[in-house]
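Below: one structure, written as structure tokens.
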């Protein structure tokens, strides 16, 4: 019942632009992406996908949600014709009906979304032709609940049924095999680093994001004897409709510090001072990108424009140095909140390792994923090495009492 009470608010609050603005420091950010979260979808296409947004405040906006249980799909309205939320008791009855209709496992239609994009677009077109909404009278176990719907004037949840052609059945089986194959070489780890957290770093006046980025580079350098190509996502949401830019976190300051750290002839105080410089350089890059002065999305935009306008930009974009620098080893991104989960983008990014981390006062959470057949990084080894590096940096900071930075 508690879930039923909250469903309308959870879905409608962002759609109606009633979600309170989030702030980045003291600066409120653009909330448009949040407002579209529960009212938008992307339709696959052979050449390009199509983005649809069904704003709830428009006259012809849909009033329903889709519920999936045991691979069965149902839709029912959660809004009245006047767009007011359905009461909790009515929503609960709809959910009870769906539960009673889904004891068995339905066909795993969702598997087809795991196909390569063009294949999925073809399947989507075929699936639209072979589905129909079942009337509640066609379903089993409807006696008690169907009488309730008849008395209350509610519309019974409608089941989405696919007529499984041989092609669609084969596509589901093929997608399942592809997923099993990918999972066979896919590495994913989630761990908690409990030795210290944000509080310790703040006590030593070290920006926690720059600290972790430096530790990641040091870990890679220790394992492979070279510096990685690392990207970090940066939010542009202080601007209207802003999304993301990226920065390259390996700087001359971080490479200098890492080399200095491993030089036994250098005093600890000099190492700490260099660490502060590396962290400051990282903060400067982040701030510049947040203010719209990053270069990555601009260069990407220029590349797309050149392609569309058939302008020859090969001197730059086909240059070996550009291609090499654009081949990323690790994407490292900080997350908000107390819980993070392994993210599976490397299935698309292939050779790129993806790492997410979040900060708490006394600990940090890390998630790392990779296609281990496409990268030389072992996720277990890398996380273990990262934790050792962070402990080494902690020891360094504690060996010197707040040098002037």
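The values are calculated or read from the model by the stated rules, or taken from the named source; none is laboratory data. It should be emphasised that the depicted structure is a prediction, and the values quoted were computed from it without experimental measurement. Quick reminder, even Gly has a Cβ in these numbers, built from the backbone with ideal geometry, and neighbours come from all protein chains shown.
Annotation: of all residues in segment 183-215 being touching a helix residue (DSSP H, G or I) at 6+ places or on another chain (Cβ under 6 Å) and in a helix (DSSP H, G or I), the one that is nearest to residue 380 (Cα to Cα) is 215. Of all residues in segment 32-43, those that are within 18 Å of residue 21 (Cβ to Cβ) have Cβ atoms under 7 Å from Cβ atoms of residues that are at pLDDT 75 or above and in a loop (DSSP other than H, G, I, E, B), 6 or more apart or on another chain, in 32/241. Scanning segment 235-252 for residues that are surrounded by 20 or more Cβ atoms within 10 Å (Cβ to Cβ) and outside any loop (DSSP other than H, G, I, E, B) yields 245, 247.
Looking only at segment 196-215, residues that are touching a residue at least 24 places away in the same chain (Cβ under 8 Å), surrounded by fewer than 17 Cβ atoms within 10 Å (Cβ to Cβ) and over 27 Å from the mean Cα position of the chain (by Cα) come to 1 in all.
Filtering segment 281-322 to residues that are assigned to a loop (DSSP other than H, G, I, E, B) and exposed (fewer than 15 other Cβ atoms within 10 Å of the Cβ) leaves 291, 292, 293, 295, 309, 310, 311, 312, 313, 318, 319.
Against the list (1) surrounded by 14 or more Cβ atoms within 10 Å (Cβ to Cβ); (2) not in a loop (DSSP other than H, G, I, E, B), the condition residue 110 fails is (1).
The single condition from (1) modelled with pLDDT under 90; (2) under 22 Å from residue 234 (Cβ atoms) that residue 302 fails is (1).
The set of residues in segment 216-226 being surrounded by fewer than 22 Cβ atoms within 10 Å (Cβ to Cβ) and either assigned to a helix (DSSP H, G or I) or in contact with a helix residue (DSSP H, G or I) (Cβ under 6 Å, 6 or more places away or on another chain) (or both) consists of 221, 222, 223, 224.
Condition check: touching a helix residue (DSSP H, G or I) at 6+ places or on another chain (Cβ under 7 Å) and at pLDDT 90 or above. Does residue 281 satisfy that? Yes: the conditions hold for residue 281.
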